[in-house]
Amino acid sequence: MKGMATIRDVAKLAGVSVATVSRVLNKNGYVNKETEQKVVKAMQQLQYEPNAVARGLAGKQTGTIALILPDISNPFFPELARGIEDAAQRLGFTVILCNSDDQGQKEKSYIEVLRKKYVDGIIFASNTLGQEEVVQMKQSSLPFVILDRAVANQVCTVIRCNNYEGAKMAVQHLLDIGCQKIAHIYGPQELITARERLRGYEETVKGFPWYSPSLMVPGSFRFDGGLQAVEELLRLHPDVDGIFAGNDLMALGVLKGLKRKGIAVPDQIAVCGFDGISLTEIAEPELTTVAQPIYEMGAMAAEVLIKKIKTGDTNPGLFELEVRLIQRDSTRKRVRG
Ligand code: RIB
């Protein structure tokens, strides 16, 4: 697209450094004839349009990284952003925050704007980058990392938690407190985090005589998703006595739905969430959850990205962090006397 190519793209195509392209652009410093011709040819092929800001910034780091989040209304992501911003600030970088609303097209337009603004790197906490976009990002030479919603076998650097083991931990906890029939309210299955939690639930319970696929009910990773799903679940399985919700917002919706029905938590139905957002501490009853190291994941993503920016390292890598169970009143069954 005309005007979309950056100075980095020109340098890559011409096989020279950004600084060399800058010298050709600004006609300052020596560039041999052959190199200059390669640069000019690359500019023509890419329909490169230098602009004044770009020429000023050419080859320089701007000290800015961008973070693209999928849903700023979910408290998980502001807590993630807090870790990113604190780490970036410690390392002398500022952060531009973008909310994609889980919309791929909105995210693509953000990427185009960010490349023109010469951010030094991008943290993707969204999930709309497909394999093709990841390859394009790798070819663009703009450093980036993928945070949270990423498959482990990406060809780039991924920071995530162990969703599968975390789901098994949640279900095992409900079994340990004596639940006899456990359901799962799951997140959108286009998200790898939701898929891995569903898999962890199913692999833990499928051997029990009470297991049925209808014990897995779709939610939306949102509060109202949990509120509606628990209605459907109890219509199908009124004898359920344990619910594992795929994230804390849905678990809070489940608590609300059970309260509306006059069902006692945890004595009649125990509830466990996933994420570890701070709202779980003020819920009534306080919510048991499998907590992700949200702040630490964010800080690590910023540190890994900024190291890439400073060293030019392009090697892929997987950083998978452990989760931990935080037991609270929503699963603290009174020992039957
Ligand atoms: O609550 C939002 C969910 O989306 C979290 O579980 C996080 O892992 C992300 O995938």
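Computed from the coordinates by the stated procedures, all read-outs in this text should not be read as laboratory data. Because the structure is predicted, anything quoted here is derived from the model rather than measured. Cβ atoms come from the backbone with ideal geometry, glycine included; neighbour counts cover every protein chain shown.
Could you work out which residue, out of 162, 153, 99, moves most in a Gaussian network model of the chain, that is, has the largest mean-square fluctuation with Cα springs under 10 Å? Between 162, 153, 99, it is 153 that shows the largest mean-square fluctuation. Approximating the spin labels as points 7 Å out from Cα along Cα→Cβ, the residue 40-to-residue 267 distance works out to 8.6 nm.
The charge dipole of the stretch 210-337, taken about its Cα centre with unit charges on the Cβ atoms of Lys, Arg (+1), Asp and Glu (-1) only, comes to about 200 debye. Amide H to amide H, with H built 1.01 Å from N, residue 243 comes under 5 Å of 183, 270, 271, 272, counting only residues 5 or more places away or on other chains.
Please work out, to two decimal places, the log10 of the ratio I(q)/I(0) at q = 0.14, 0.15 Å⁻¹ from a Debye calculation in which every Cα of the chain carries one identical scatterer. Here the Debye-derived log intensity ratios amount to -1.01, -1.12. Hey, for a label at residue 91 modelled as a point 7 Å past Cα toward Cβ, could you say which residues of the stretch 293-314 have their backbone N under 15 Å away? Those under the cut-off are 296-314.
If you take the beta carbon distance between residue 322 and residue 49 as r and set R0 to 35 Å, what does 1/(1 + (r/R0)^6) give as a FRET efficiency, to the nearest 0.05? Computed FRET efficiency for residue 322 and residue 49: 0.15. Have a look at the DSSP beta bridges in the chain and tell me what percent are antiparallel, nearest 5. Counting only bridges with both partners in the chain, antiparallel ones make up about 10 percent. Taking a label point 7 Å from the Cα of residue 82 along the Cα→Cβ vector, which residues of the stretch 294-313 have an amide N closer than 15 Å to it? Residues 294-300 qualify, since their backbone N sits under 15 Å from the label point. Taking the chain as a Gaussian network of alpha-carbon nodes connected by springs under 10 Å, the highest mean-square fluctuation of the residues 66, 264, 150 belongs to 264.
Largest GNM mean-square fluctuation across 147, 321, 305, computed for the chain with C-alpha springs under 10 Å, falls on 321. A simple charge model with +1 on the Cβ of Lys and Arg, -1 on the Cβ of Asp and Glu and nothing else charged puts the dipole of the chain at about 1040 debye relative to its Cα centre. Modelled this way, with points 7 Å down the Cα-to-C-beta line, the labels at residue 235 and residue 315 are 5.4 nm from one another. Past 31 Å, Cα to Cα, is the threshold; run 27/108; 168/308; 106/256; 138/206; 41/308 against it and keep the listed order. Result: 27/108; 168/308; 106/256; 138/206 exceed 31 Å. On the beta carbon distance between residue 172 and residue 136, with R0 = 51 Å, the FRET formula returns roughly 0.80.
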